[in-house]
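Step one of this worksheet: look at the structure below.
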Amino acid sequence: MTKVGETVLEIDLRALEHNYHYLRSKVDPKTKFLGVVKAFAYGSDSIAIAKKLETLGADYLAVAYTAEGVALREVGIELPILVLHPQEVSFATLIEKCLEPSLYSRTIFSSFLKVARDRDQRNYPIHLKFNTGLNRLGFGEKDIDFILSSLEGAEQVKISSLFSHLAASEDLNEKEFTISQIRQFEKISSAIISKLKYRPKRHMLNTSGIINYPEAQYDMVRSGIGLYGYGNEAAEDERLIPVATLKTIISQIHKIGANESVGYNRAFVSNAPKVTATLPLGHADGIGRQYGNRKGQVSIHGKLAPIIGNVCMDMIMVDITGIDCKEGDEVIVFGQKHSAEALASSANTITYELLTEFRNG
């Protein structure tokens, strides 16, 4: 990693490789691996991440929306790409770019079938999403007959996979609920497969599922946050390496006396002489106001400096009293030595939200 002269987000592809191999080691060698690269690859760089996953041997990629998949196709990514939340308006583009839709309702299923028929498709790969308790997207058990009857004589499409999504795989207090989800998915998917003349893939494990429920790995697993260095629990975080490091610099240092204030609305008032540093990033750059007033911290030369006062649009101020530093020195907002998980939890939010606030795509 190089020393920076402004705010930058650095991506460590060696860390990605480490995380990929660690997660891969958790499943059977025959089990396929899908890398989730939605939301600019969790706020990093979807193109660089996707290219690296392709060279590492990933079997599938997943994005949220069609436009994300199009961006990957336009730079030459050839892996199968699952679009998790496609919309009707993008179906023609999705087919043109050989992207694979997740179909999750009768409306979206019927609409895609019509577009595939109108475009003279044959055996176009589709993925059927089932709701087993997350109650976000997905068919229910009651839709099995509809699906099977719709597929009769429909040579335009072919089911590539059946899948579901665990709601609380990282929380072992919810193990009973998670197991009930797995059992429900087993029941639904087996009922469909028994009526087909071929066998689609099945998958439902996310990163925490890979770690906590390896017995339910089926034919493929999906990993998002784990690839980027976070395992949703301290023990797993120790085995993973954060991929993204957000760095900035000290723009200016101030010495303030007792009873002096810092920032808008005088949200911080010193109780003694202090030394503060102003950094060139703020809520417009992804550091939300919830990190202000000593909740969030940055790292300067290995020492933590709390954010003081209200976060500004493109600046934050930190307390550097007792830290030996100067203007122009490097600051780690989060990364391998000061994790995004630690910063996010300080403001009562989650790593996912913090990481995806930053766009390097």
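The values are calculated or read from the model by the stated rules, or taken from the named source; none is laboratory data. Quick caveat, the model's predicted, so the values are computed rather than measured. A quick note on method: Cβ atoms are made from the backbone with ideal geometry, for glycine too, and the neighbour counts reach across all protein chains shown. Calculation scope for accessible area: heavy atoms of the full protein, side chains included, ligands and nucleic acids excluded. Shrake-Rupley method; radii C 1.70, N 1.55, O 1.52, S 1.80 Å.
Values computed for the structure shown
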{"read-out": "Cleavage-rule hits, chymotrypsin sites (Phe, Trp or Tyr not before Pro), the stretch 143-245, DSSP coil, Cβ neighbours within 10 Å at most 11", "value": "Tyr198"}
{"read-out": "Over 27 Å between alpha carbons, listed pairs Lys30/Lys52; Lys26/Lys175; Lys26/Lys195; Lys38/Lys97; Lys114/Lys187; Lys38/Lys158", "value": "Lys26/Lys195; Lys114/Lys187"}
{"read-out": "Computed label-point distance, nm, for sites Glu176 and Val4 using a 7 Å Cα→Cβ extension", "value": "4.7 nm"}
{"read-out": "Local electrostatic count, Phe139, Cβ distance below 9 Å [Lys/Arg +1, Asp/Glu -1]", "value": "+1"}
{"read-out": "Label-point separation in nm, Arg294 to Ser149, each point 7 Å along Cα→Cβ", "value": "6.6 nm"}
{"read-out": "Test item: Cα-centred dipole of the chain, Lys/Arg +1 and Asp/Glu -1 on Cβ, debye", "value": "540 debye"}
{"read-out": "Under the Debye formula (equal points on every Cα, no solvent term), log10 I(q)/I(0) of the chain at q = 0.14 Å⁻¹", "value": "-1.11"}
{"read-out": "Sparse-neighbourhood loop sites, trypsin sites (Lys or Arg not before Pro) in the stretch 88-154 - DSSP loop, at most 15 other Cβ within 10 angstrom", "value": "Arg119, Arg122, Arg136"}
{"read-out": "Potential lengthening between Ala191 and Tyr65 on full extension [0.36 nm per residue; Cα-Cα distance subtracted]", "value": "42.5 nm"}
{"read-out": "Those GluC sites (Glu not before Pro) in the stretch 186-248 that DSSP places in a loop and that have at most 12 other beta carbons within 10 Å", "value": "Glu238"}
{"read-out": "Proximal charge balance of Ala244 [Cβ under 9 Å; K/R count +1, D/E count -1]", "value": "-3"}
{"read-out": "Label-point separation, Ser345 to His85 (7 Å along Cα→Cβ), nm", "value": "2.7 nm"}
{"read-out": "Fraction of accessible area attributable to carbon and sulfur, the chain (%, probe 1.4 Å)", "value": "47 percent"}
{"read-out": "Charge dipole magnitude, Cβ of K and R +1, D and E -1 - the stretch 129-255, Cα centre, debye nearest 20", "value": "400 debye"}
{"read-out": "Solvent exposure of the chain as accessible area per residue, Å², 1.4 Å probe", "value": "46 Å²"}
{"read-out": "Where only alpha carbons of the stretch 64-188 are counted, the Rg and the Dmax (Å)", "value": "15.6, 49"}
{"read-out": "P(r) histogram, all alpha-carbon pairs of the stretch 279-361 included - 10 Å bins from 0, percent", "value": "19, 56, 24, 1"}
